[in-house]
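Read through the structure below, which is laid out as structure tokens, and then see the notes.
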Amino acid sequence: MSIPITPETKIGELLDAYPHLEEALLQQSPHFKHLKNPILRKTVAKVATLEKAAQMGGIPLRQLIATLRQAAGLPAEHSTADRGTIGRPAEVDGPVPDWLDEAKVKLMIDADRLLESGQVPLPRVHQGVRELTPGQLLCIVSSFNPAPLLEVLAKAGHQVYIRQGPPGAFRTYVLPAR
């Protein structure tokens, strides 16, 4: 089975169609090592797009797409449909929202620690959001931009802000919808 490799291609679909591209992904960024985790492979990889993977890995989307297409033996040319999303910047360190107050952070979740123990952070984040009272914040600490997680939280109506500290240090703040 052959599928197009575009920014909207889901990682799981890509690896199902081109299993040999796992190594090409792993070589692009150390953040992709989590693809070896079978739990993440069955969950996050099924919803995360290459665009989100590029954001998480801190690599240019155009570079990731070109590398994967070359490794799959496909032309490196981008179609007109691809041009609308390639190079879109990650939404990190935007204007600080009025609701962000470090003193209101009542729960911290270390996404890296959860991943290293074989757990997916999303269920713990959902549980944490339910445990907070109005006005309290949750903070997710990670060594990567958790782009797919941000998308899920925003779709659920939660307000999300992400701040990057030193290289490899992200803090994602969540104000639960009420």
Q) Which residues, counting only those in the range 103-112, are over 16 Å from the mean Cα position of the chain (by Cα) and of a type outside the set (Val, Ile, Thr)? A) ALA103, LYS104, LYS106, LEU107, MET108
Q) Only one residue in LYS33, LYS46 is of a type outside the set (Val, Ile, Thr), at pLDDT below 85 and over 25 Å from GLN164 (Cβ atoms). Which one? A) LYS46
Q. Given the conditions (1) touching a Pro at 6+ places or on another chain (Cβ under 9 Å); (2) closer than 24 Å to SER117 by Cα; (3) not hydrophobic (A, V, I, L, M, F, W, C), which single one is not true for GLU51?
A. (2)
Q. Which ones in the range 155-171 are within 15 Å of the chain's Cα centre (by Cα), of a type outside the set (Ser, Thr, Tyr) and surrounded by 14 or more Cβ atoms within 10 Å (Cβ to Cβ)?
A. VAL160, ILE162, ARG163, GLN164, PHE170, ARG171
Q.
So for the range 138-145 (the condition being surrounded by fewer than 14 Cβ atoms within 10 Å (Cβ to Cβ) and under 26 Å from LYS46 (Cβ atoms)), does at least one residue qualify?
A. no
**Q.** Selection status of VAL174, crowded, with 16+ Cβ neighbours inside 10 Å and either at pLDDT 85 or above or under 19 Å from the mean Cα position of the chain (by Cα) (or both)
**A.** yes
(Q) Among the residues of the range 1-16, what is the count of those that are part of a helix (DSSP H, G or I) and either over 20 Å from HIS34 (Cβ atoms) or touching an Asp or Glu at 6+ places or on another chain (Cβ under 8 Å) (or both)? (A) 1
Q. Does the range 131-152 hold any residues that are under 21 Å from VAL120 (Cβ atoms), touching a residue at least 40 places away in the same chain (Cβ under 8 Å) and more than 17 Å from the chain's Cα centre (by Cα), and which are they?
A. LEU132
Q. Scanning the range 119-130 for residues that are β-branched (Val, Ile, Thr) and within 16 Å of the chain's Cα centre (by Cα), which turns out modelled with the highest pLDDT?
A. VAL125
Q: Could you please find all residues in the range 73-114 being in contact with a helix residue (DSSP H, G or I) (Cβ under 8 Å, 6 or more places away or on another chain), assigned to a helix (DSSP H, G or I) and either closer than 22 Å to VAL125 by Cα or modelled with pLDDT of 85 or more (or both)?
A: ALA111, LEU114
Q.
For the range 153-173, which positions are within 21 Å of ALA53 (Cα to Cα) and touching a residue at least 40 places away in the same chain (Cβ under 8 Å)?
A. TYR161, ILE162, ARG163, GLN164, PHE170, TYR173
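The values are calculated or read from the model by the stated rules, or taken from the named source; none is laboratory data. Keep in mind the model is a prediction, meaning the values are calculated, not measured. Methodologically, a virtual Cβ is constructed for each residue, glycine included, from the backbone with ideal geometry; neighbour enumeration extends over all protein chains shown.
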